[in-house]
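For reference, the structure is listed below as structure tokens.
Nothing in this text is a laboratory measurement; each read-out follows from the coordinates by a stated rule. Since the structure is predicted, the reported quantities are computational estimates derived from the model, not experimental observations. As a convention, Cβ positions derive from the backbone with ideal geometry for all residues, glycine included, and neighbour counts pool all protein chains shown.
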Amino acid sequence: MRIYTVKDYDAMSAKAAEIIAAQMISKPNSVLGLATGSTPIGTYQNLIKKYNDGIIDFSEIRTANLDEYKGLTPDHDQSYAYFMRTNLFDHVNIDMANTNIPNGLVEDAEEECKRYDAVIDALGGVDLQLLGIGNNGHIGFNEPAEAFANGTHSIKLTDNTIEANARFFASKDDVPKYAYTMGIRNIMQAKAILLVASGEAKADAMYKTICGPITPEVPASILQLHSNVFIVADEAAMSKVNK
Ligand code: F6R
């Protein structure tokens, strides 16, 4: 693991965007695995600035997002499809035909999971996977469990995650209860992984991810086994690791 501990959220966002930009420059048709949530927003803003400054080009970039809520239409303002358009895609020269997100409207989970795994395979796999981390150590929506999940699957969100995400909805009851997510196998197959984390609330999860045993109870701990992981985290998120 290459671990960069930086001062704060802004420094985390700048560093993470540099790593993604380097990937895009070295391989202009890279497959980027993308994440949503509050942590990568600043990273996306830095990427948009680099695009506007002529440093990076999205015209050949292909993307595969980690996850999507079940039951939300792509124009619902809390869907991850909407998040990606408003936080990144609408501001750069990406071809929307080259962007991929699980389709939360497909009821038949088996069908949608098979389709999404095939999409990732057809892309030739992910070159660089961006990840946030949940307070409970989840990555994508791979929640603490008895075993590491394989490919794309449908998952019932834990109370912890529903509560953490309720801030984006009118009420906790409005948070979807299910989501589609890439599995641990999809994430581990990425050629490189970039995990970003900010804030005290992530300190416990970061400690367990980096220093704890590898266990499906802390899904991110599996990253210890990947040979090409960057962690970019601020001092607050790293406060238990660096104490
Ligand atoms: C989002 C995702 C989640 C988030 C995690 C952290 O696509 O996969 O695992 O990365 O819940 O969310 P934030 O960044 O909002 O703290």
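Condition check ((1) free of Cβ contacts under 8 Å to residues at least 24 places away in the same chain; (2) closer than 26 Å to Lys114 by Cα; (3) in contact with a Gly (Cβ under 9 Å, 6 or more places away or on another chain)) across all residues:
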| residue | (1), (2), (3) |
| --- | --- |
| Asp57 | no, no, no |
| Glu60 | no, yes, no |
| Ala64 | no, yes, yes |
| Phe83 | no, yes, yes |
| Leu88 | no, no, no |
| Ile94 | no, yes, no |
| Asn98 | no, yes, no |
| Ile101 | no, yes, no |
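Which count do you get for residues in region 6-47 that are among the polar types (S, T, N, Q), out of contact with any strand residue (DSSP E or B) (no Cβ under 6 Å at 6 or more places or on another chain) and crowded, with 16+ Cβ neighbours inside 10 Å?
6
Do you know which of the residues in region 156-183 that are more than 10 Å from the ligand (Cβ to nearest atom) and of a type in the set (Lys, Arg) is farthest from Arg115 (Cα to Cα)?
Looking at residues that are more than 10 Å from the ligand (Cβ to nearest atom) and of a type in the set (Lys, Arg), I get Lys172.
Within region 121-141, can you find the residues that are surrounded by 22 or more Cβ atoms within 10 Å (Cβ to Cβ) and more than 8 Å from the ligand (Cβ to nearest atom)?
Within region 121-141, Val126, Leu128, Gln129, Leu130, Gly137 qualify.
Of all the residues that make up region 142-155, how many are within 18 Å of the chain's Cα centre (by Cα) and surrounded by fewer than 20 Cβ atoms within 10 Å (Cβ to Cβ)?
5
What do you reckon, is Ser198 closer than 22 Å to Lys15 by Cα, of a type in the set (Ser, Thr, Tyr) and in contact with a helix residue (DSSP H, G or I) (Cβ under 7 Å, 6 or more places away or on another chain)?
So Ser198 passes the test.
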